[in-house]
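Everything below concerns the one structure shown next.
The values are calculated or read from the model by the stated rules, or taken from the named source; none is laboratory data. Values in this document were obtained by computation on a predicted structure and should not be read as measured data. Here the Cβ positions follow ideal geometry from the backbone for every residue, glycine too, while neighbour counts run over all protein chains shown. The protein model used for the area step is the full one, side chains on, heavy atoms only, and it has no ligands, DNA or RNA in it. Shrake-Rupley method; radii C 1.70, N 1.55, O 1.52, S 1.80 Å.
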Amino acid sequence: MGILSWFGIEKRSASRSVEEVIAALDGGYFGVPMSGEPVNIATALRVSAVLACVKVIAEGVATPQLNVFRNTANGQRQLATNIPEFRMLNRRPNEFQTSYEFRKTMTMHAALCGSALAVKVKTPNRRVAELIPVEPGKFTIDTSVRYEPVFRCYDNHGVIGDFGADDVLHIPSLRWELIKGLDVLSLAREAVGLSIAAERSQATLHANGGRPAGVLTTPQKLSVEAMERLKAGWKQFTSSNRNGTAVLDSDVKYQPVTMSGVDQQALEQRRFQVEEICRAFGVMPIMVGHSDKTATYASAEAMFSAHLIHTLAPWHELWRQRLDEYVLDGEGPLYVDFDTRYLTQGSMRDRAEWARSMIEMQIMTRNEVRDSFGLDAVEGGDEFWSPANIAGNGGTTQPAPEPTA
């Protein structure tokens, strides 16, 4: 069955307004910054820092296991594996993508363009059966009607349809307005454009053998014809005989412009642009392979923890609340959660010491500790347990040894 049939609509006319055509065909174009380099989705992703930041955020949302839980009557949570929404969110949200691929694609859209959109495919009883992502630039958000946004979606064949807020899953990034997300590339286009210009400058420099331009000098007075002949010969030499030997007449000498990459501070500038782009995306520079000489193993471990807290946690919470309210039952007992334990696990020895302390200090039961390790519950594991030498817990108190003279 085709997607349009699932949506319950017929393909509409492809006629659009000028604004809709620009929005659909624009592809994320945000104007030319002062650096002179156009910044759009295609050019920005060619900058390694932008690509790395987007990958770090998208993979940080896609990699953790996404589970659907149910609150039980006794206050405990239980995996809701017996509902179709569990498989849809945990394994396969649509017939084209896995859960990992879907979350990675949607988060990439939101991180780059400010908004990600997926159309809900619903069953006859109004439960969500599939989530079909829509590419940025192929949907518009009409907020002309107060508090009733309309999402108009397109594909390569024309208009798919208009959908209300309850018919889509909208993942907005940073927002100023009530509905629409802010375009990160538009806000950070100067930093991205300067990085593109710096890379282009270095590429041009190395394309010319790593040598900057120079001047030709002669003590003689040349006629216009001689100057044109010399210019044409020199141009032919530099374009076809790079690093060769030039033969000059009329006592002509070549004087290179002695300006090296160090003089231009190109390396420092490119390192600073990486930091600027990381600031725009909210990513720790070490997560994109950028670090200084002062970084140590201890500081790197703290930075990884900061990455989880300050970069990924806001994205996880955004996804959690959006899925709870717009895909699941909202106020009901169902909710989703990301399994991020692998991001905070220490060494086996540290984990064993932590588990022992939690059980002996009666902070957690054995089953709670086992659940933190991803293990199934055991019989009798819900009771607090303490060593036998602690009085008041069915054990005995060992007397203190007598002091010796």
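A few comments on the model shown:
- Yes/no for Leu308 being of a type outside the set (Gly, Ala, Ser), open to solvent by less than 90 Å² (accessible area, probe 1.4 Å) and part of a helix (DSSP H, G or I): yes
- Screening segment 153-178 for residues that are within 27 Å of Pro38 (Cα to Cα) and more than 18 Å from the chain's Cα centre (by Cα) and picking the one that is most open to solvent (accessible area, probe 1.4 Å) gives Trp176.
- Considering segment 212-256, and only residues there that are part of a helix (DSSP H, G or I) and either among the acidic types (Asp, Glu) or in contact with a strand residue (DSSP E or B) (Cβ under 8 Å, 6 or more places away or on another chain) (or both), the residue that is modelled with the lowest pLDDT turns out to be Trp234.
- Listed by position, the helices (runs of 4 or more DSSP H) enclosed by segment 331-382 include none that has at least 3 residues that are among the aromatic types (Phe, Trp, Tyr).
- The residues in segment 129-147 that are basic (Lys, Arg) and crowded, with 22+ Cβ neighbours inside 10 Å can be counted, and the count is 0.
- Residues considered: Phe151, Phe139. Of these, the only one that is within 30 Å of Lys104 (Cβ to Cβ) and touching a Cys at 6+ places or on another chain (Cβ under 7 Å) is Phe139.
- Check on Met348, without any contact (Cβ under 8 Å) to a residue 40 or more places away in the chain, open to solvent by 70 Å² or more (accessible area, probe 1.4 Å) and more than 21 Å from the chain's Cα centre (by Cα): yes
- Filtered by the rule that a residue be touching a strand residue (DSSP E or B) at 6+ places or on another chain (Cβ under 9 Å) and surrounded by fewer than 15 Cβ atoms within 10 Å (Cβ to Cβ), segment 112-128 gives a lone residue, Thr123.
- Candidate set from segment 311-330 (those that are in a loop (DSSP other than H, G, I, E, B) and surrounded by 16 or more Cβ atoms within 10 Å (Cβ to Cβ)); member that is nearest to the chain's Cα centre (by Cα): Val327
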